[in-house]
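Scroll down for the structure; my scribbles are underneath it.
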Amino acid sequence: MNDRIKSEQQRWKNKIASSAVKRHPKRKEMFTTVSGKPIKNLYTPADVPDFDYLTKLSFPGMYPFTRGIQATMYRGRLWTMRQFSGFATAEESNRRYRLLLERGQTGLSVAFDLPTLMGYDSDHPLAMGEVGKCGVAVDTIQDMETLFNGIPLDKVTTSMTINAPAAILLAMYIAVAEKQGVKPDQIGGTVQNDILKEYIAQKEWIFPPQPSMRIITDMLAYCSREVPLWNTISISGYHIREAGSTAVQELSFTLADGIAYAQAGIDAGLEIDEFAPRLSFFFNSHNDLFEEVAKFRAARRIWAKLMKERFKAKQERSWWLRFHTQTAGCSLTAQQIENNIVRVTIQALAAILGGTQSLHTNSKDEALAVPAEEAATTALRTQQILAYESGVANTIDPLGGSYFIEKLTNEVEEEAWDYINKIDEMGGMIAAIERGFPQKEIMEAAYRYQQAIEKKEKIIVGINEFLMEEEEQPPFLMIDSEVERAKQIKKLQALRQQRNSAKVEECLKRLRIAARGKDNLMPFILESVKAYASLGEIIDVLREEFGEYQEPSVF
Amino acid sequence: MSSTKGKIRVLIAKPGLDGHDRGAKVIARAFRDAGMEVIYTGLRQTPEQIVTAAVQEDVDVIGISILSGAHLYIFPRIIELLKEQGATDMLIIGGGIIPEIDIPKLKQIGVAEIFTPGTHTTKAIEFVKQRLQGK
């Protein structure tokens, strides 16, 4: 059989294809993926020789989970449609959340403003111009109460994109749930809490790596006991990709970060099966449909292997790579913005074909501003059309078994292992970050990509081909930060007057002592937020104890 | 202007709290590859720090990369500080997520050009070279 295929392939290549090429020469010298990976003209059984179905794929819900982590996948339950949103004040964001839930969204995802992400209160001088701009401002538990007003926290799961101050925002969420009468073991959701990718790509760090990892392992330990349904880290490739990495780099650096967290948990005395089931992932989905699908499938296979073989996890749940996907913000154009709806559709399709557990689809206007309401609705509708009209959710891993997809999945996996091994040799991800290794690799890839566009090796519609006279830009959601800042400062000052200052002082003092010692920080943070200590006050204590990270800057 | 060996000196600055430095680094690299001398400030620089660096390094061009939406606060503040320092001959350019509607406001206060997403690096390079001709 195989020999017959080989001889037929020879005949095809030498006779049929070669004469066809004379009539229709190749459009270009090299065909490559978005990441620059060369792609052949055709894939056949010869590309996946000795393909062992059970070792490479097996069945959905079975090791190594290439076809999906659940046995039923989308036939049982669709992915969670989770649109990332937040702007201005807690009141306004709360209104948007309720609107999205009303329109059929199934989970919340909170975007905080930059001062909150960096641990500054709204009245800090560095917060000028930034309050409420790219997310919602949260200074104290009071803002958090407003944010989730009328939203039952035992019914909705919430993802919070927060990293360096993640412990504090989680503490606020736990406290708000308690006020609603919902116990910590009933709440579900995610904090991003992935500080390593901050050093690598997104750059919203506060403390140096070691104390940052201590806060994270404290959260792993605390949540495994007290908040068992909470996803403690969303190990994120998204920002790595947005910073300009290739698909393989995104995958490799994210998994290497995952290794570092797993190791840190173990080094802190935890059992791998205590916390690994609550680790989740967050990936980007770019324009190259097949490359993305291969990336997601390879991700599951590698993580399962790492967990089972390297970390000796016993529970199957520890082997699962569960992931959220967001379509690629960096792929959206500020030109002819309607085209972005099409890009988002292709990217969302890749995430679904790749077996994502939840999905955010970007709005068409995101290269210009924070999404307007109409654009945010279209983005959600895109997911609903894919889910209910397209038929892609009818069967599990529909691309599985394609010669091309399987070959690409194998290649992506091999290239990712090369990176992972290289980072291991450097002494792990923290050592690699300190050497600037991932940062430099990403920078090189970003520059190559920009050059490829400028040389027209890659065509981006509306950017370097098919240009049009631009119409006037549509109205955006404009946020006047000074108005937002004034509102926030007024609230914060009123609260500072009303609260029991002696109690706040006492809580912060106890937190400081805990930070100097080895006690788990979470209970101290929780009592501080309950006493209405602000985010900035808590971070200040920790910053004084832990210091601040200084970046080795390279370009 | 006192450009050493006739090379154009550029300060690429990243103000505000936003850490998205892909654009800043790509343009820094492109300017360098185009034969300019480039100084990159690193992240989270206050307008004061940026102006101090620009004056100390005696640059010809200040390139501000900003994606957070704080541009209407950051640019005026930098230009005001430059005036206080008497450094009014520097070419100020910007890039990032800046809505069209804000661009005239920025130009009015003295920003020479804003390069929005999708701009080729060569366009920014040509712009700088042209504007600094004869200097």
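Annotations
- Charge dipole (the stretch A:473-555, unit charges on Cβ, about Cα centre) - positive-most of A:ASN520, A:ILE539, A:LEU477: A:ASN520
- Relative contact order of the stretch A:267-411, taken over Cα pairs closer than 8 Å and 6 or more residues apart, is 26 percent.
- The protein assembly as shown - Rg over Rh from alpha carbon coordinates, Kirkwood radius: 0.97
- Helix A:90-102 and the longest principal axis of the Cα set of chain A meet at an angle near 40°.
- Check: the protein assembly as shown dipole with +1 on Lys, Arg Cβ and -1 on Asp, Glu Cβ, in debye: 1720 debye
- A simple charge model with +1 on the Cβ of Lys and Arg, -1 on the Cβ of Asp and Glu and nothing else charged puts the dipole of the stretch B:2-132 at about 300 debye relative to its Cα centre.
- Heavy-atom accessible surface of the protein assembly as shown: percent carbon and sulfur, 1.4 Å: 52 percent
- Spatially proximal aspartates and glutamates relative to A:LYS56 (Cα-Cα < 19 Å; intrachain offsets below 8 disregarded): A:ASP47, A:GLU291, A:GLU292, A:GLU309, A:GLU316, A:ASP397, A:GLU406, A:GLU411, A:GLU413, A:GLU414, A:GLU415, A:ASP418
- Computed lengthening from A:ASN394 to A:ASP267, 0.36 nm per intervening residue step minus Cα-Cα distance: 41.4 nm
- Set of lysines near A:LYS530 by C-alpha distance (under 28 Å), chain-local residues within fewer than 8 positions excluded: A:LYS133, A:LYS155, A:LYS179, A:LYS183, A:LYS487, A:LYS490, A:LYS491, A:LYS503, A:LYS509, A:LYS518
- Rg over Rh for the stretch A:86-186 works out to 0.96, both radii taken from alpha-carbon positions and Rh defined as the Kirkwood radius.
- Overall Cα dimensions of the stretch A:284-326, principal axis frame, Å, largest first: 36, 16, 11
- Counts of other chain beta carbons within 10 angstrom of each beta carbon in peptide A:239-245 average 2.
- Selection among B:ALA124, B:THR88, B:ILE62 by position relative to the dipole of the stretch B:2-132 gives B:ALA124 as farthest towards the positive end (Cβ unit charges, Cα centre).
- Within 10 Å of the Cβ of each residue in B:9-20, the mean number of Cβ atoms contributed by other protein chains is 5.
- Accessible surface, the stretch B:2-132, averaged per residue in Å² (probe 1.4 Å): 40 Å²
- Kirkwood hydrodynamic radius of the stretch A:437-555, Cα pairs, Å: 19.8 Å
- Shape analysis of the stretch B:1-69 places it in the oblate category; the axes a ≥ b ≥ c from the Cα gyration tensor give an a/c of at least 1.5, with a/b not above b/c.
- Each Cα pair under 8 Å and six or more residues apart adds its separation to the average, and for chain A the resulting relative contact order is 19 percent.
- Whole-angstrom gap from the stretch A:512-555 to the stretch B:44-101, using each part's C-alpha centre: 32 Å
- Hydrodynamic radius (Kirkwood) for the stretch B:36-135, which is based on Cα pairs only, to one decimal in Å: 13.9 Å
- The angle between the Cα long axis of helix A:339-353 and the longest principal axis of the Cα atoms of chain A comes to about 80 degrees, rounded to the nearest 10.
- Quarter of Cα convex hull surface for the stretch B:33-93, i.e. mean projection, nm²: 4.4 nm²
- Distance (nanometres) between label positions extended 7 Å along Cα→Cβ at A:ASN500 and A:LEU42: 7.9 nm
- For the stretch A:222-367, the gyration tensor built on C-alpha atoms gives a prolate shape. Its axis ratio a/c (a ≥ b ≥ c) is at least 1.5, and a/b is the larger of a/b and b/c.
- Degrees between helix A:373-388 axis and first principal axis of chain A (Cα, 0 to 90, nearest 10): 50 degrees
- For chain A, the solvent-accessible area works out to 41 Å² per residue, with a probe of 1.4 Å and every protein chain left in place.
- For the stretch A:413-482, Kirkwood radius (reciprocal of mean inverse C-alpha pair distance, Å): 16.2 Å
- Take the Cα of A:LYS440, step 7 Å toward its Cβ, do the same at A:ARG543, and the gap between the two points is 3.1 nm.
- At 1.306 mPa s and 10 °C, Stokes D of the stretch A:202-275 from Kirkwood alpha-carbon radius, µm² per second: 119 µm²/s
The values are calculated or read from the model by the stated rules, or taken from the named source; none is laboratory data. Small disclaimer: the values here were computed from a predicted structure and weren't measured. In this analysis, Cβ positions are derived from the backbone assuming ideal geometry, glycine residues included, and neighbour counts consider all displayed protein chains. Note: areas computed on protein heavy atoms with side chains; ligands, DNA, RNA excluded. Shrake-Rupley method; radii C 1.70, N 1.55, O 1.52, S 1.80 Å.
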